[in-house]
1. Considering every residue within the stretch 211-231, establish whether at least one is farther than 29 Å from GLU317 by Cβ, more than 9 Å from the chain's Cα centre (by Cα), part of a helix (DSSP H, G or I) and in contact (Cβ under 8 Å) with a residue 60 or more places away in the chain.
2. Can you find even one residue in the stretch 235-247 that is under 24 Å from LEU39 (Cα atoms), of a type in the set (A, V, I, L, M) and within 14 Å of the chain's Cα centre (by Cα)?
3. Can you find a residue in the stretch 252-264 that is at pLDDT 80 or above, farther than 28 Å from ARG189 by Cα and among the hydrophobic types (A, V, I, L, M, F, W, C)?
4. Which members of the stretch 2-25 meet the condition of being under 11 Å from the mean Cα position of the chain (by Cα) and over 18 Å from GLY321 (Cβ atoms)?
5. Restricted to the stretch 151-199, and to residues that are modelled with pLDDT under 90 and of a type in the set (Gly, Ala, Ser), which residue is surrounded by the most Cβ atoms within 10 Å (Cβ to Cβ)?
6. Please go through the stretch 271-328 and pick out each residue that is within 19 Å of LEU252 (Cβ to Cβ), at pLDDT 70 or above and exposed (fewer than 13 other Cβ atoms within 10 Å of the Cβ).
7. Any residue in the stretch 188-202 that is within 22 Å of ALA21 (Cβ to Cβ) and not small (Gly, Ala, Ser)?
Amino acid sequence: MFSSILQTLPQVLIDGLALGAIYAVVALGYTMVYGILELINFAHGEIFMTGAFVETAVLFIFQGAGWLTDMPAWLSYVLIILIAMLVTGALGVGIERVAYRPLRKAPKLILLISAFGVSFVLQDVIRFIAELKTGNYIISTPQLFDQRYQLPLSSISSWFTDASVKANTLFIFAIAIVLMIGLDIFVNRTKWGGAMRAVAQDRETASLMSINVNKVIVLTFFIGSALGGSTGVLFAQQYGTIDPYIGFILGLKAFTAAVLGGIGNIRGAMFGGIVLGVLEMFASSNLGILTGGNFGAEYKDVFAFMILIIVLIFKPEGIFGKAIKEKV
């Protein structure tokens, strides 16, 4: 059993890191909004899904116009990511303005219900548009990078079997790292980032210090939603098939990653996403081996949510979070 697990470990790590990078960037959107408003934006998964559909629509337009043959694949990739980020960023700002801002002083439960409402509306709107244009809501995304690179690990050690890595996976790593480092620098080393941290710490005091709280909240929703949209592009290119419901489960898993790292902690969300992706892929590949064939890869979602339950029981503030004592 141990040798079987060890043989597949390199491929599991490669696939797990790719999935974890997607979770990490989506988790950033959850943790940013929570840090500012103490709101779990459960519509964020559908913003991620919208980004995947925007990417696919733009790709079809590019193909129809013949632009894909006129520019390098990596340039097309970057351009599509930027378009998806702008569209989903604007969508996030609109959602905040319509669904959250009028309820800002309402009980948190009302905001949560509003978030679920927005989630279902986005699912149905995207499904309606997809079926109207294609006749089917399950869509195959054209792939910009199809190459696979073989890693001859068996020649290094008999413990491992050969692994392969897609060119798209390498691009996912590069884009995810750029986005995460860029966000970290923005939040910790810029004036607007300082304003965001101030509002997250104490909204009323920040407003007394001439910080425009509404602008900070709008900026937070724009950045978080843009990150979610960019991740939709990465997901569509990595897995090739999308539908209006991909955001629900993936959004919950990204939320799990944010809780694991410490909800409200940006670096914690990054760490939690990577860890969750690797653990989930390990479970998907080896759950049958560990249980004697009684459970298969279909139970990997259960494994992810078991992690959420365990974290909430034993360390609800997350790995990098800090326990906050309520004032009496």
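1. No, the conditions are met nowhere in the stretch 211-231.
2. yes
3. Scanning the stretch 252-264, I find at least one residue that is at pLDDT 80 or above, farther than 28 Å from ARG189 by Cα and among the hydrophobic types (A, V, I, L, M, F, W, C), so the answer is yes.
4. Once the filter is applied, which keeps residues that are under 11 Å from the mean Cα position of the chain (by Cα) and over 18 Å from GLY321 (Cβ atoms), the stretch 2-25 yields LEU19, GLY20, ALA21, ILE22, VAL25.
5. ALA163
6. VAL302, ILE309, ILE310, ILE313, PRO316 - these are the residues of the stretch 271-328 that are within 19 Å of LEU252 (Cβ to Cβ), at pLDDT 70 or above and exposed (fewer than 13 other Cβ atoms within 10 Å of the Cβ).
7. Looking through the stretch 188-202, at least one residue is within 22 Å of ALA21 (Cβ to Cβ) and not small (Gly, Ala, Ser).
Residue-wise test of (1) over 18 Å from MET32 (Cβ atoms); (2) over 21 Å from the mean Cα position of the chain (by Cα).
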{"residue": "ILE83", "(1), (2)": "yes, no"}
{"residue": "GLY92", "(1), (2)": "no, no"}
{"residue": "VAL98", "(1), (2)": "yes, yes"}
{"residue": "ARG101", "(1), (2)": "no, yes"}
{"residue": "LYS108", "(1), (2)": "no, yes"}
{"residue": "LEU112", "(1), (2)": "no, no"}
{"residue": "VAL121", "(1), (2)": "yes, no"}
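The values are calculated or read from the model by the stated rules, or taken from the named source; none is laboratory data. Being a predicted model, the structure only gives us computed values, none of them experimental. Cβ: placed from backbone, ideal geometry, glycine included. Neighbour counts: every protein chain shown.
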